[in-house]
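These notes concern the structure reproduced below.
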Amino acid sequence: MMVSHPMSAAGMAVFSQGLALGLGLIVAIGAQNAFVLRQGLQRAHVGSVVLFCAAADALLIAAGVLGMGQALGVRPDLARALAAAGAVFLAVYGWRALRRARQAQSLQAAGGSAGQGRGMVLAQAAAFTLLNPHVYLDTVLLVGSIGAQQPAALRGWFIAGACSASLGWFSLLGFGARWLAPWFARPRAWQLLDGVIGVTMWSLAGLLLRHAWAGG
């Protein structure tokens, strides 16, 4: 009978938390997702767009978690305060997702030109990714402060989970666009997805508070 290593089990648990948080924040109706979906439908520079968006998220997530971890390492009181603020944010985010679940919305990928060069397409991807202030609030501040609550030895697992969410989601949008576009155009599908996101965000808020106060 094989017994899993406790560190491995803890690492996978933290990885799952990072993955769930990353998916909860990135799976939404927005300009960046619509842009990636549009490129996938046009089959134009899909790999480059997916790689750029995922890499940008990964750099911001890693910078947030590692930077926050270093800053909060000597300030446990600040760490608990940020944990409380993060939990409130997640609870509000979850409530808003559940409220969206009661409304009819769909993700449209219209517009653009299939004849644009790779440089122009990547410039647009950079604009959609880096000029959106919510990107920094989500990846650097929120994901960073939550990831910093994890033990130092497990932060890499959390970063890997959150980055996997970005890579998986953008790959799904870009490379699966032709099959997924009809699904994304159905408001009912987004209502169900928002319902799952809302419950997930509330669960993560509870875990964050429990972890922060148990460590205090």
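The values are calculated or read from the model by the stated rules, or taken from the named source; none is laboratory data. Just so it is clear, the model here is predicted, and its values are computed rather than measured. Ideal geometry is used to build each Cβ from the backbone, glycine not excepted, and the neighbour counts take in all protein chains shown.
Is there any pair with a first residue in region 174-194 that is within 21 Å of ARG96 (Cβ to Cβ) and a second that is among the aliphatic types (A, V, I, L, M) and part of a helix (DSSP H, G or I) whose Cβ atoms are under 9 Å apart and which are 6 or more apart or on different chains, and what are they? From residues that are within 21 Å of ARG96 (Cβ to Cβ), the pairs are PHE184/LEU37; PHE184/LEU173; PHE184/ALA177; LEU193/ALA97; ASP194/ALA97; ASP194/LEU98. Given the criteria touching a residue at least 60 places away in the same chain (Cβ under 8 Å) and under 19 Å from the mean Cα position of the chain (by Cα), does LEU167 qualify? So LEU167 passes the test.
Between ARG178, ARG80, which is basic (Lys, Arg) and modelled with pLDDT under 80? So that I can check it myself, show each step before the final result.
Working: ARG178 fails: modelled with pLDDT under 80.
Going through ARG178, ARG80 in turn, the sole match is ARG80.
For region 93-100, indicate whether the set of residues that are farther than 16 Å from GLY161 by Cβ, modelled with pLDDT of 85 or more and assigned to a helix (DSSP H, G or I) is non-empty. Within region 93-100, one or more residues are farther than 16 Å from GLY161 by Cβ, modelled with pLDDT of 85 or more and assigned to a helix (DSSP H, G or I). Quick one: is ALA123 crowded, with 17+ Cβ neighbours inside 10 Å, in a helix (DSSP H, G or I) and hydrophobic (A, V, I, L, M, F, W, C)? No; evaluated as a whole, the condition is false for this residue.
Is it true that ALA109 is outside any helix (DSSP H, G or I), of a type outside the set (Phe, Trp, Tyr), modelled with pLDDT under 75 and more than 22 Å from ARG178 (Cβ to Cβ)?
Working: outside any helix (DSSP H, G or I): yes; of a type outside the set (Phe, Trp, Tyr): yes; modelled with pLDDT under 75: yes; more than 22 Å from ARG178 (Cβ to Cβ): no.
It is false that ALA109 is outside any helix (DSSP H, G or I), of a type outside the set (Phe, Trp, Tyr), modelled with pLDDT under 75 and more than 22 Å from ARG178 (Cβ to Cβ).
Restricting LEU142, LEU154 to residues that are part of a helix (DSSP H, G or I) and more than 25 Å from ARG100 (Cβ to Cβ) narrows the list to LEU154.
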